[in-house]
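Take a look at the structure set out below.
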Amino acid sequence: DELNEAGIGTRILKGSEVDILEDGSLDLPDSVLSELDVVIVSVHSKFNLPREKQTARVLKALDNPWVTFLAHPTGRLLLERDGYEIELDAVLNHIKQRGCFVELNAHPLRLDINDVYCRKARELAMPVVINNDAHSIGDFAHHADGIMQARRGWLEKQHVVNTLSLPALLKKLKATKC
């Protein structure tokens, strides 16, 4: 906030990736989430829940009024781990209804959502965020993989949130907050 107020010429957004707990609650309290510009929710444990429970878990998390987008919605790691059982159509419809976004994780071991669900997001007129899932400086290069995946799913610039100008992005982020 201090840097943004100092007018350094770059806007710094505050955000966090927040774990979706087994019961669908989030691992940070609303008092913290309300201070953030971007709240990314994702499943990082309990991958073996039955489809119905996994879906209910994610839907409950998406109902949190501070959520901006759902990350790597199937949890898959290509060549390492299949995605968890989830009714992704129901989740995407809920995201659309809720007014938030879905992530296309550009890391080459994820590419999650796949091209079929990129196309579904387009059909739903639901914004997609291409996220390179950077855990190191070199990971920023994965953005091109995400763009290729988006193109396979027929996504164009107007379907991707992080192609917006800063004022348009800030307005869109604010609109995700219930």
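The values are calculated or read from the model by the stated rules, or taken from the named source; none is laboratory data. Every value quoted in this text rests on a predicted model; they were computed, and no experiment measured them. A quick note on method: Cβ atoms are made from the backbone with ideal geometry, for glycine too, and the neighbour counts reach across all protein chains shown. What goes into the accessible areas is simple: the full protein's heavy atoms, side chains included, and nothing from ligands, DNA or RNA. Shrake-Rupley method; radii C 1.70, N 1.55, O 1.52, S 1.80 Å.
The residue list T163, T176 contains one member that is polar (S, T, N, Q) and crowded, with 19+ Cβ neighbours inside 10 Å, which is T176. If I filter the stretch 21-57 down to residues being β-branched (V, I, T) and within 20 Å of L173 (Cα to Cα), which single residue comes out as surrounded by the fewest Cβ atoms within 10 Å (Cβ to Cβ)? In this case the residue turns out to be V32.
Of the helices (runs of 4 or more DSSP H) lying entirely inside the stretch 47-161, those containing at least 1 residues that are over 23 Å from L21 (Cα atoms) span 115-123, 143-152.
W66 passes every criterion in (1) over 30 Å from A141 (Cβ atoms); (2) in contact with a Leu (Cβ under 9 Å, 6 or more places away or on another chain); (3) surrounded by fewer than 17 Cβ atoms within 10 Å (Cβ to Cβ); (4) not basic (K, R) apart from (3).
Table: residues versus (1) more than 18 Å from the chain's Cα centre (by Cα); (2) within 16 Å of V91 (Cα to Cα); (3) at pLDDT below 95.
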site	(1), (2), (3)
T10	yes, no, yes
S31	yes, no, no
V39	no, no, no
K46	yes, no, no
P50	yes, yes, no
L59	no, yes, no
D63	no, yes, no
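Apart from one condition, E123 fits all of (1) open to solvent by less than 70 Å² (accessible area, probe 1.4 Å); (2) over 17 Å from P73 (Cα atoms); the exception is (1). Considered as a group, the residues in the stretch 1-20 that are of a type in the set (A, V, I, L, M) and part of a helix (DSSP H, G or I) include one that is surrounded by the fewest Cβ atoms within 10 Å (Cβ to Cβ), and that residue is A6. With respect to the conditions (1) farther than 25 Å from R110 by Cα; (2) not in a helix (DSSP H, G or I), S31 falls short on a single one, namely (2).
Given the structure, is L79 among the hydrophobic types (A, V, I, L, M, F, W, C), closer than 30 Å to D30 by Cβ and open to solvent by 30 Å² or more (accessible area, probe 1.4 Å)?
When the stated conditions are applied, L79 does not pass them.
Contact map, the stretch 148-162: first residue over 21 Å from P108 (Cβ atoms), second residue part of a helix (DSSP H, G or I), Cβ cut-off under 6 Å, separation 6 or more or different chains; pairs are K157/T163; H159/R122.
Go through the residues of the stretch 43-54 one by one and say whether even a single one is in contact (Cβ under 8 Å) with a residue 40 or more places away in the chain and out of contact with any helix residue (DSSP H, G or I) (no Cβ under 6 Å at 6 or more places or on another chain).
From the stretch 43-54, those in contact (Cβ under 8 Å) with a residue 40 or more places away in the chain are 43; that's our starting set.
Adding the requirement that they be out of contact with any helix residue (DSSP H, G or I) (no Cβ under 6 Å at 6 or more places or on another chain) leaves 43.
Yes, the stretch 43-54 has at least one match.
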